[in-house]
Amino acid sequence: PAYLAAASRLGAMIAGDGLRLVYGGGGVGLMGAAATAAHEAGGRVLGIIPEFLTSHERPLTTVETIIVQSMHQRKMMMFEESDAFAILPGGIGTLEEVIELLSWRRLALHAKPIVFYNPDNFYDRLFDLFQQFIDEKLIPPEFAETWRAVESIEDVLGAIRDMPTGAFMTPPGMEHVT
């Protein structure tokens, strides 16, 4: 229930700031709570969902929703339509999507802000794993600068605004590739 309440607050804050919420298109769970709250607060909302998930995740009929054919299309369209990413507590799908965003950031494919909402240290074990990758020199220390974590949902938008954009992490050996 606390995660649902936080997702609703974030949706309302996004609308209150005149931003558009781009989300996975479902009307259930945290994404549904955020989208419903954003819409009810007068915000612009875009849902993107693959057809095979429409019966399970029940898209909202009150917001603009694009139905695509695959998860790959969904993720690419969400990426293209978004200027930043707020990561709330989630399961394996959330983990898969955030790892892809971080990988693309590492490969210099984007410089969009990525902010984790980390209530009660929800993501700390993932952050510990990232630190292990750094400690074992599997990724550079600069990787830790590609995302932020906040403990309060009220801090998500500020953290997004405070993150530097426009600078890419150039993978080693690719400094001269254009």
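What accessible area per residue, rounded to a whole number of Å², is obtained for the chain using a probe radius of 1.4 Å?
55 Å²
Can you give me the long-range amide H partners of Ala149? Hydrogens built in the peptide plane at 1.01 Å from N, cutoff under 5 Å, separation of 5 or more residues or another chain.
Phe116
Set the Förster distance to 25 Å, then compute FRET efficiency between Glu80 and Asp135 from the Cβ-Cβ distance, nearest 0.05.
0.15
Between Asn121, Leu95, Ile66, whose Cα lies farthest towards the positive end of the dipole of the range 1-121 when Lys and Arg beta carbons carry +1 and Asp and Glu beta carbons carry -1, centred on the Cα centre?
Asn121
Over the range 39-103, what is the mean sequence separation of C-alpha contacts under 8 Å (at least six apart), divided by residue count, expressed as relative contact order in percent?
Reported as a whole number, the value is 28 percent.
Rounded to whole Å and sorted largest first, list the principal axis extents of the Cα atoms in the range 18-123.
36, 32, 27
Subtracting the Cα-Cα distance from 0.36 nm times the residue separation, let me have the gained length for Asn121 to Ala144 in nm, one decimal.
6.6 nm
Just name one of Trp147, Ser82, His110: the one whose Cα is farthest towards the positive end of the charge dipole of the chain (beta-carbon charges, Lys/Arg +1, Asp/Glu -1).
Ser82
Please list, short to long, the whole-number percent of alpha-carbon pairs of the range 112-152 in consecutive 10 angstrom bins beginning at zero.
Reading upward from the zero bin: 29, 52, 19, 0.
Under a point-charge model restricted to the Cβ atoms of Lys and Arg (+1) and Asp and Glu (-1), what is the dipole moment magnitude of the chain relative to its Cα centre, in debye to the nearest 20?
With Lys and Arg at +1 and Asp and Glu at -1, about 340 debye.
Work out how much length Ala108 to Thr62 would gain on full extension: take 0.36 nm times their residue separation and subtract the Cα-Cα distance, in nm to one decimal.
Result for the pair: 12.9 nm of gain on full extension.
Determine the relative contact order of the range 19-178: mean sequence separation of Cα pairs under 8 Å and six or more apart, normalised by residue count, in whole percent.
Once divided by the residue count of the range 19-178, the mean separation gives 18 percent.
Over the range 1-70, what is the mean sequence separation of C-alpha contacts under 8 Å (at least six apart), divided by residue count, expressed as relative contact order in percent?
Normalised by residue count, the contact order of the range 1-70 is 32 percent.
Could you work out, for the chain, what percent of all Cα-Cα pairs fall into each 5 Å distance bin, beginning at 0 Å and stopping at the bin that holds the largest distance?
1, 8, 16, 20, 20, 16, 10, 5, 2, 0
What part of the accessible area of the range 10-124, given as a whole %, is carbon or sulfur when the probe is 1.4 angstrom?
About 55 percent, which is the carbon plus sulfur part of the accessible surface.
If you take every residue apart from Arg44 with its C-beta less than 14 Å away from the C-beta of Arg44, what net charge results, scoring Lys and Arg +1 and Asp and Glu -1?
-4
The values are calculated or read from the model by the stated rules, or taken from the named source; none is laboratory data. Predicted, not measured: the structure shown is a model, and the values here were computed from it. Every residue, glycine among them, receives a Cβ derived from its backbone with ideal geometry; neighbour counts consider all protein chains shown. Just so you know, the surface numbers come from the protein's heavy atoms only, side chains and all, with ligands and any DNA or RNA stripped out. Shrake-Rupley method; radii C 1.70, N 1.55, O 1.52, S 1.80 Å.
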